[in-house]
Amino acid sequence: MDFIRALENDQDISPDKESVELLEKLDELQLVFNDLEELDEGAFDRIEQRVEARDLLLYRMIVGQSNMMLTKKFLELALNGKSVPSSMVKGYLPALKMLDDIVTAGPGYVQMLRLLHQRAKKG
């Protein structure tokens, strides 16, 4: 809830230690990527793997370490319009609970989430 309060009060968001370490690792990966001068045939595959790894690390902040791989499979199946086994839904459940908490908190919080989503799409 500190995250939402910070957004609502237009304050800086202060990440926890684990988040800071994660962001530093992501910055290091970005520097490595920027140093590449020529892309070989396997470069796009490596880039895709880095993006997937980055997304998984960020999902870890939401669903937890133990649910990371279940979340990955849940997203793959759901985004392809396939049925999702209940075990994979359980892996994504922390994210669903977060969304439900925001909806339960009221329309102001839902509006903030929508604004945050719009900012994320632009960024």
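When GLY42, GLY106, GLY91, GLY81 are screened for being surrounded by 10 or more Cβ atoms within 10 Å (Cβ to Cβ) and of a type in the set (Gly, Ala, Ser), only GLY91 passes. Close Cβ contacts (under 9 Å, 6 or more residues apart or on different chains) running from residues in the stretch 81-108 that are among the polar types (S, T, N, Q) to residues that are assigned to a helix (DSSP H, G or I) comprise SER83/LEU77; SER87/LEU70. The residue that is surrounded by the fewest Cβ atoms within 10 Å (Cβ to Cβ), counting only those in the stretch 16-26 that are over 14 Å from the mean Cα position of the chain (by Cα) and modelled with pLDDT under 75, is LYS17.
The values are calculated or read from the model by the stated rules, or taken from the named source; none is laboratory data. Just so it is clear, the structure is predicted and the values come from calculations on it, not from any experiment. Cβ sites come from the backbone with ideal geometry, for glycine too, and all protein chains shown count toward neighbours.
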